[in-house]
Structures are given as structure tokens and as C-alpha cells.
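Working notes, structure below.
The values are calculated or read from the model by the stated rules, or taken from the named source; none is laboratory data. As the structure is a computational prediction, the values presented were derived from the model and not from experiment. We place every Cβ from the backbone using ideal geometry, glycine too, and count neighbours over all the protein chains shown.
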Amino acid sequence: SQQGEEDPQALSIQEGENATMNCSYKTSINNLQWYRQNSGRGLVHLILIRSNEREKHSGRLRVTLDTSKKSSSLLITASRAADTASYFCATDASAGGTSYGKLTFGQGTILTVHP
Amino acid sequence: DARVTQTPRHKVTEMGQEVTMRCQPILGHNTVFWYRQTMMQGLELLAYFRNRAPLDDSGMPKDRFSAEMPDATLATLKIQPSEPRDSAVYFCASGPDSALATNEKLFFGSGTQLSVL
């Protein structure tokens, strides 16, 4: 079953604009991760935020986590055509704090950045 | 540049045939995951291993699917007999899961695109 639901399903923007994707989940988590998938390729890890963190930055990426609302958002600033891809949130809900990396993925947001 | 290697990249087969997909995890990674991706269901976890032992294969149809790790450098996913509904992209991922580097980042292969006619 899918833990995360993402919103919007598809997002189309112009180069230079910011892109915001949202993810909601259902159970308590150890951490939440965002992955990127280019067409026909595997997933690539972008950023991780732990359950005791509220915000994290990495380059043009900003992730927030609200555990009370069971939601997260990924912001890509100053988007580029090369950012065109599908973006997935994934939750790690391993019991007892032991993280073997078993992830449950959302359905993803398809981002298209027009030059 | 360490990466997870999956073979074959593409497989077309007829219903009823056996399909074997292979994965070479990153050297030193001791956890291996098999995911299936379809448009309808998204990414589903089929099975995962730690130190070659299966930890959870509850996501896998047991009657036709089997997953093994014959050694630390090879994971296999078999479907016998295959059915059209098995058509999907199958991904393998690995993680280090050691005291030095816990599994907070998985590394995915490029996938095997399976079409069962």
C-alpha cells in the first residue's frame, strides 16, 4: 500500500520559477526522503529529513516536514529545464528505530520545466 | 563510480515463460531491495534482504515469484510462470546499513523493463 500521496500529480512551470511539491503520509516515520527519477532511469536520492527536523536545505532544494500534519514539501528554487523529472517522497517507518531502509513511496509528481 | 547494476535492461517474453532478473549491488552494501513500478500501483516493495537473508517478502506473490541472494554480489528475482499482469519495471536498490553508514540513502539500478505478452 502507498504510504505517501503527492500533490500535484503533474506540475508545469517555466525555467527560473520555483516548484513546490507536497507529500502526505499516514503513519509515524523515522525519516522522509525525496527521490528523483528521470524518464527510463532509476531513482536518485535527493535529500533526507529526520522526524525531529523541520526544515533542511541542499543547494536549490528545500524540504520541510510537519509531523503533526504528517506532511512534507519539496521546493526547487530557480528551476532549470534539466530539473524535468518525476519526484517521489518516500517514508521510512521501520519499527524500533532500526532503519534498514525499507521505504514506502508516494505516487510521485511529474515536473516539467520549460526553457 | 559505484552503482547498482541490473540485467537485462529489457525483457520481452511470452506468458508462461520463466523470467530471471539479476542485480549486482554496490560492493560493501549489505541490504538489497526489489521494487516493482507500474503506472497504476506506483513503486511497490516486493522483497528485501540484509546480509543475504530475506527480511520481508510479503509484497511478493509467493506462488510465482521468488527472490534469492546466492552470494553478496548477486541478487535474483524470478517469475515462473510469468503473466501479462507482471509487465512492469523492476528495480533493485542497495544500501550500506553499517554502523558507519546506516540506510538513509538507497542506490537504485536502472531497472529491468519486463513485457509479458
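Numbers for the structure displayed
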{"read-out": "Meets criteria (within 12 Å of chain A (Cβ to nearest Cβ) and in contact with a His (Cβ under 8 Å, 6 or more places away or on another chain)) for B:SER58", "value": "no"}
{"read-out": "Leading residue by the ranking (surrounded by the most Cβ atoms within 10 Å (Cβ to Cβ)) among those in the range A:2-54 that are without any contact (Cβ under 8 Å) to a residue 40 or more places away in the chain, facing another protein chain (nearest Cβ under 10 Å) and part of a loop (DSSP other than H, G, I, E, B)", "value": "A:GLY42"}
{"read-out": "Filtered residues of the range A:55-68 (kept if touching a residue at least 12 places away in the same chain (Cβ under 8 Å) and either loosely packed, with under 15 Cβ neighbours inside 10 Å or in contact with a helix residue (DSSP H, G or I) (Cβ under 6 Å, 6 or more places away or on another chain) (or both))", "value": "A:SER58, A:ARG60, A:ASP66"}
{"read-out": "Residues of the range B:26-40 that turn out to be touching a Pro at 6+ places or on another chain (Cβ under 9 Å) and not aliphatic (A, V, I, L, M), as a count", "value": "4"}
{"read-out": "Only one of B:SER94, B:SER82 that is of a type in the set (Ser, Thr, Tyr) and farther than 23 Å from A:VAL44 by Cα", "value": "B:SER82"}
{"read-out": "Qualifying residues in the range B:97-114 (those that are more than 9 Å from every other protein chain (Cβ to nearest Cβ) and out of contact with any Ser or Thr (no Cβ under 7 Å at 6 or more places or on another chain)) - the one modelled with the highest pLDDT", "value": "B:THR112"}
{"read-out": "Criterion violated by A:SER71 - all others in (1) crowded, with 16+ Cβ neighbours inside 10 Å; (2) within 11 Å of chain B (Cβ to nearest Cβ); (3) out of contact with any His (no Cβ under 8 Å at 6 or more places or on another chain) satisfied", "value": "(2)"}
{"read-out": "All positions within the range B:1-50 that are more than 10 Å from chain A (Cβ to nearest Cβ) and hydroxyl-bearing (Ser, Thr, Tyr)", "value": "B:THR5, B:THR7, B:THR13, B:THR20, B:THR38"}
{"read-out": "Residues being in a strand (DSSP E or B) and surrounded by fewer than 16 Cβ atoms within 10 Å (Cβ to Cβ) - total across the range B:67-90", "value": "6"}
{"read-out": "Subset of the range B:56-65 (residues that are in contact (Cβ under 8 Å) with a residue 12 or more places away in the chain and surrounded by fewer than 19 Cβ atoms within 10 Å (Cβ to Cβ))", "value": "B:GLY59, B:ARG64"}
{"read-out": "Matching entry among B:MET40, B:MET15 (being touching a helix residue (DSSP H, G or I) at 6+ places or on another chain (Cβ under 8 Å), surrounded by fewer than 17 Cβ atoms within 10 Å (Cβ to Cβ) and assigned to a loop (DSSP other than H, G, I, E, B))", "value": "B:MET15"}
{"read-out": "Positions within the range A:55-74 being of a type outside the set (S, T, N, Q) and either assigned to a strand (DSSP E or B) or under 21 Å from B:MET39 (Cα atoms) (or both), in sequence order", "value": "A:GLU55, A:LYS56, A:HIS57, A:LEU61, A:ARG62, A:VAL63, A:LEU65, A:ASP66, A:LEU74"}
